[in-house]
Amino acid sequence: MIRILILISLFFVFESEGIAQSVAKQIQKADASFKELSIASAIEQYETIIKKNKNLTADEDQKVKLSLANAYFQVKDFVSAEKYFTEILSNNPVLKGDDLKSYLRYAQVLSSNGKPKEAAVAWKKYSELKDQDKRAEQFQKLYSNLDALTRNASSYKIEYIGINTASADFSPAFYKDGLVFVSNRGKSGPVKRVFSWDNSSFLDLYYLEDLKVLGATEESVASIGSSNQSDNTTKSSKSKSEKLGSDYYTPPTSNDAPTIAHQGSVYINGTQNYEETATVETRKFSKHLNSKYHEGPCTFFHDGSKIIFTRNGNSGGGGIFGQKKDVIDRLKLYSADKKGNDWSNIRELPFNSSDYSCGHPTISFDDKVLFFVSDMPGGYGGTDIYVTRFNNGEWSKPMNLGGGVNTAGNEMFPFVDKEGGLFFSSDGHPGLGDLDIFYVKTDLKTLKASGPVRNAGAPINSSRDDFGIISDAQRQSGYFSSNRKRGGGDDDIYRFTRLGSVYGCRDLIVSIFDKDTKKPLENGRFEYRVKDDKRGAEQATTNTSGVSKLCLEADREFDFVFEKEGYISEKKYFSNLEASDFEPSKIEIYLKPEEKNRKLPEEPEPDDKAEKKSQLVQKRSSTNDSKVFRGVVTGGENSQPMAAVKVKFVNKCTGHVQEMYTRKDGSYEFSRDLGCEYELIATKEDFGTSTETIAKVPGKKLFSKKAKPTYSVNLFDTRLYKVGDVVKLENIYYDLENWKIKGESAKELDKLVAILKKYPNMIIEIASHTDTRGNAAENMKLSQLRAKEVFDYIVRKGGINKDRVKSVGKGETEPLNECSDGVQCTEAEHRRNRRTEFKILFIERK
């Protein structure tokens with residue numbers, strides 16, 4: 001797609017070793033076209049290779065089809081791209097380097113083709129191969145709840161306006177009483193300028209002088225989604241008899257055509273065998289600004305006296321506009337002054353570079369702050385949004401808008417409204433498909449974004465590219481660009497009018513529990529109202545699981561009152577101003593029973609602490625209720641139960657978090673879905689945080705018929721550690737006068753390795769002790785050898801960094817009993833002194 005290509009330089013490395021010479025030359029020629037960004041030519045060559053070479057090897061077939069899929073992806077022919085990606089990636093090929101991004105592109109293609117479930121699977125595969133890219137998790141969450149971005153569609157009316165043609169028309173900008181926009185509509189004359197990317201014409205700026213001509217007439221606009229063009233009401237769903245893809249909102253899918261995918265470059269730019277003429281007259285914006293190069297998105301000073309616009313650089317050699325290889329003319333930002341009826345004094349902005357691109361400008365209403373897009377070094381992904389301030393006639397050094405806005409993907413086409421709200425498009429934030437339009441508030445004084453990034457939702461966004469929006473600050477009306485009508489490079493400009501709320505509602509899950517038993521409360525009644533709103537309160541009740549699901553008006557603050565007979569009522573403040581677009585917020589309320597209704601759990605109070613621990617385990621052994629997960633948190637050198645430890649139980653399926661503090665016996669308990677994996681997190685001040693994964697229980701039965709558990713599988717002991725703890729390693733045995741670890745000791749050392757992996761910042765000291773028999777000096781040497789043996793096991797077999805482990809021999813200097821020199825002791829007493837301990841020297845504390 002031209003509008004994206006002229007901003008992003010795409011380079012692919014192709015390898016041809018091991019391919020027969022005749023086929024290899026064909027592939028090398030196609031690769032060269034791809035590398036030079038002559039994508040139309042490359043696609044034709046790849047298609048010809050497949051058609052004329054029926055006996056391609058498996059490696060050749062994979063290489064050509066994967067290259068073809070990526071080529072179709074670049075020109076937005078997602079139906080064809082899906083065909084070839086599916087052919088190759090469904091076989092789980094071994095990919096490496098940049099080829100791994102094929103899974104990312106496959107996920108984006110599936111999403112744009114209206115297949116969110118399949119896209120979620122592709123995202124998961126990509127995340128497994130590229131675990132440093134965290135986008136996959138968010139996209140998977142969105143695709144499980146797409147309704148969050150489509151439920152407010154009836155609040156907007158979308159209209160297809162009469163300035164559109166069969167060519168690309170996009171990125172409108174307000175100017176005087178009209179619009180300036182970008183188009184590659186064909187030129188008359190003896191010389192036709194053609195762009196080798198997709199054989200389309202070059203981009204220029206065009207002008208619609210008066211927006212009033214876009215009145216609600218049949219010729220100038222086509223209303224989308226309304227039941228009647230003179231009626232502002234919108235349909236909540238499509239007519240059953242209406243064919244999918246027959247309107248401008250829903251693009252046709254592969255199910256609407258007799259073939260799965262188009263073949264060959266003839267379909268690339270989406271305009272073959274298709275004609276459309278504008279019904280509203282427009283003209284070239286400026287003979288001085290429009291040149292033999294691309295002119296792209298622009299912005300105007302509020303009085304119309306200056307323009308800042310995008311143009312590909314006219315310095316350097318060739319690249320996509322010439323014949324030199326490996327050279328790309330970068331996008332640059334230019335400014336010009338209005339003089340008479342045209343523009344003059346065209347000059348580059350000072351931060352342009354031949355090493356990277358700058359484009360897509362938008363300026364604040366006070367003409368002081370400029371946002372633009374660049375792929376300059378030091379960014380977060382492909383293209384990022386940058387900001388600069390105009391002060392005393394000079395532009396400041398551009399600043400990256402930060403990781404809250406910019407992602408590992410591409411952010412582009414920014415627009416700032418009169419109040420500093422920033423719209424932009426992105427394929428890195430979770431959306432409905434390809435580029436979606438997003439919104440974030442910015443502080444024009446600090447030049448930083450504030451608050452969450454919001455997806456504009458349907459119908460402004462669709463499964464195709466949506467970008468280049470301009471709007472008033474309240475989002476009452478405006479214009480945007482999209483290729484939703486026919487896909488590919490056929491971009492069109494749409495008008496939107498807001499009829500309802502900006503965002504609709506956001507999900508909230510309310511859970512109510514008994515504060516003493518931590519059990520969910522059925523039929524827990526509560527009411528809620530918008531804070532400081534005169535409207536009456538709404539009411540809701542929890543279900544049998546103690547849960548109630550709500551969808552609350554977006555960007556509001558609420559007051560909740562929770563009540564249940566026999567319990568003390570409780571009030572709660574809640575705000576969804578910072579809430580996610582698609583992840584439900586959660587409120588967990590623990591109601592305290594009235595004194596007469598309190599039933600506190602009985603706790604045994606034995607005198608001996610060791611007996612208490614065994615009774616605690618035995619008590620939990622008596623239950624077979626596997627849906628209640630119980631455990632004990634211990635700590636200290638003697639591993640005693642610990643009270644007041646904060647424990648979280650996180651459902652990895654839903655994200656739902658249960659939380660409580662351990663009782664005085666160190667115990668806790670949570671409700672559990674056996675089909676889900678959980679994360680158990682225990683924290684206490686001055687102790688290292690314990691994080692453990694609780695596996696889901698396969699099937700309905702906890703054990704096979706042969707299994708005979710002696711205790712409840714719900715019991716899970718968690719141990720916390722702090723600096724200074726000395727922990728004895730049980731069952732680490734040595735023969736007398738020997739330092740070699742006995743075979744049965746390996747399991748215990750493996751436990752120590754697991755602890756070190758669980759706490760990656762923990763540093764320990766291994767100390768080995770002997771009994772008091774024999775020569776003291778020999779015993780010291782023996783203990784040093786034993787400590788070194790443990791050290792070697794942990795480092796070599798366990799894979800622990802040696803800098804995290806120190807070893808020391810203590811000899812017979814620290815016996816645990818009275819078995820000193822000259823004292824008669826049993827073999828068991830001597831064996832007790834032959835021990836290995838580890839002392840915690842450092843651990844990251846809460």
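Odds and ends about this structure:
- The condition (being over 15 Å from A746 (Cα atoms) and in contact with a strand residue (DSSP E or B) (Cβ under 7 Å, 6 or more places away or on another chain)) is satisfied by just one residue among V805, V823: V805.
- Selected residue (only one of T654, T634 is within 27 Å of the chain's Cα centre (by Cα) and not basic (K, R)): T654
- Single residue of G340, G319 found to be surrounded by 15 or more Cβ atoms within 10 Å (Cβ to Cβ), more than 31 Å from the chain's Cα centre (by Cα) and modelled with pLDDT under 95: G319
- Tabulated pairs, the stretch 643-659, first farther than 16 Å from D673 by Cβ, second of a type outside the set (S, T, N, Q) and in a loop (DSSP other than H, G, I, E, B), C-beta under 6 angstrom, 6+ apart or interchain: A643/K664; V645/K684
- Qualifying residue in the stretch 405-428 (condition: open to solvent by 10 Å² or more (accessible area, probe 1.4 Å) and either among the β-branched types (V, I, T) or without any contact (Cβ under 8 Å) to a residue 12 or more places away in the chain (or both)): yes
- Test: residue in the stretch 544-565 that is without any contact (Cβ under 8 Å) to a residue 12 or more places away in the chain and over 30 Å from G404 (Cβ atoms): yes
- Only a single criterion out of (1) surrounded by 18 or more Cβ atoms within 10 Å (Cβ to Cβ); (2) of a type outside the set (K, R); (3) over 22 Å from D725 (Cβ atoms) is not satisfied by A777, namely (1).
- Test result for K810, closer than 25 Å to L756 by Cα, within 55 Å of the chain's Cα centre (by Cα), among the basic types (K, R) and not in a helix (DSSP H, G or I): yes
- One residue alone among S102, S80, S112 is in contact with a His (Cβ under 8 Å, 6 or more places away or on another chain) and open to solvent by less than 10 Å² (accessible area, probe 1.4 Å), and that residue is S80.
- On the stretch given as the stretch 107-133, residues that are touching a residue at least 40 places away in the same chain (Cβ under 8 Å) and not in a helix (DSSP H, G or I) total 3.
- Any chance N761 is over 30 Å from T691 (Cβ atoms), surrounded by fewer than 17 Cβ atoms within 10 Å (Cβ to Cβ) and at pLDDT below 85: no
- Options I43, I8, I27, I4: the member that is under 23 Å from N483 (Cβ atoms), aliphatic (A, V, I, L, M) and modelled with pLDDT of 80 or more: I43
- Every pair of residues 6+ apart whose Cβ atoms lie under 6 Å, when the first sits in the stretch 31-42 and is in contact (Cβ under 8 Å) with a residue 40 or more places away in the chain while the second is among the small types (G, A, S) and crowded, with 23+ Cβ neighbours inside 10 Å: I39/A71; A40/S265
- When we screen N92, N55, N70 for residues that are touching a Lys or Arg at 6+ places or on another chain (Cβ under 9 Å) and open to solvent by 60 Å² or more (accessible area, probe 1.4 Å), the only hit is N92.
- Odd one out for Q824 among (1) open to solvent by less than 80 Å² (accessible area, probe 1.4 Å); (2) farther than 23 Å from L756 by Cβ: (1)
- Only residues that are more than 18 Å from V547 (Cα to Cα) and in a loop (DSSP other than H, G, I, E, B) were counted across the stretch 626-651, and they come to 9.
- Among the residues making up the stretch 472-503, those that are more than 18 Å from N152 (Cα to Cα) and among the polar types (S, T, N, Q) are S481, S482, N483.
- When I794, I800, I843 are checked against the criterion of being open to solvent by less than 30 Å² (accessible area, probe 1.4 Å) and at pLDDT below 85, I843 stands alone in meeting it.
- Of the residues making up the stretch 359-380, those that are under 20 Å from D417 (Cα atoms), of a type outside the set (D, E) and open to solvent by less than 40 Å² (accessible area, probe 1.4 Å) are G359, H360, P361, T362, I363, S364, V369, L370, F371, F372, V373.
- Any chance S127 is of a type in the set (S, T, Y) and farther than 25 Å from R486 by Cβ: yes
- Entirely in the stretch 498-568, the strands (runs of 3 or more DSSP E) that have 3 or more residues that are closer than 20 Å to G655 by Cα: 505-514, 547-553
- Checked across the stretch 474-487, the condition of being within 27 Å of N145 (Cα to Cα), open to solvent by 10 Å² or more (accessible area, probe 1.4 Å) and assigned to a strand (DSSP E or B) holds for no residue.
Let's see how each residue does on (1) loosely packed, with under 13 Cβ neighbours inside 10 Å; (2) of a type in the set (D, E, K, R); (3) on the phi < 0 side of the Ramachandran plot:
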site	(1), (2), (3)
L289	no, no, yes
Y293	no, no, yes
P297	no, no, yes
G304	yes, no, no
R311	no, yes, yes
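- Selection within the stretch 101-128 - aliphatic (A, V, I, L, M) and within 15 Å of the chain's Cα centre (by Cα): L104, A107, A119, A120, V121, A122
- Residue check, E818 modelled with pLDDT under 85 and assigned to a helix (DSSP H, G or I): no
Conditions (1) over 17 Å from V416 (Cβ atoms); (2) open to solvent by 10 Å² or more (accessible area, probe 1.4 Å); (3) of a type in the set (S, T, Y), marked per residue:
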{"site": "T442", "(1), (2), (3)": "no, yes, yes"}
{"site": "S450", "(1), (2), (3)": "no, yes, yes"}
{"site": "N455", "(1), (2), (3)": "yes, no, no"}
{"site": "D465", "(1), (2), (3)": "yes, no, no"}
{"site": "R495", "(1), (2), (3)": "yes, yes, no"}
{"site": "Y503", "(1), (2), (3)": "yes, yes, yes"}
{"site": "S511", "(1), (2), (3)": "yes, no, yes"}
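- Taken over the stretch 457-492, the criterion of being of a type in the set (A, V, I, L, M, F, W, C) and at pLDDT 95 or above is satisfied by I460, F467, I469, I470, F480.
The values are calculated or read from the model by the stated rules, or taken from the named source; none is laboratory data. Computed from a predicted structure; not experimentally measured. Don't worry about glycine lacking a Cβ; one is built from the backbone with ideal geometry, like all the others, and counts go over all protein chains shown. Side chains are part of the model used for accessible areas, which takes the heavy atoms of the whole protein and leaves out ligands, DNA and RNA. Shrake-Rupley method; radii C 1.70, N 1.55, O 1.52, S 1.80 Å.
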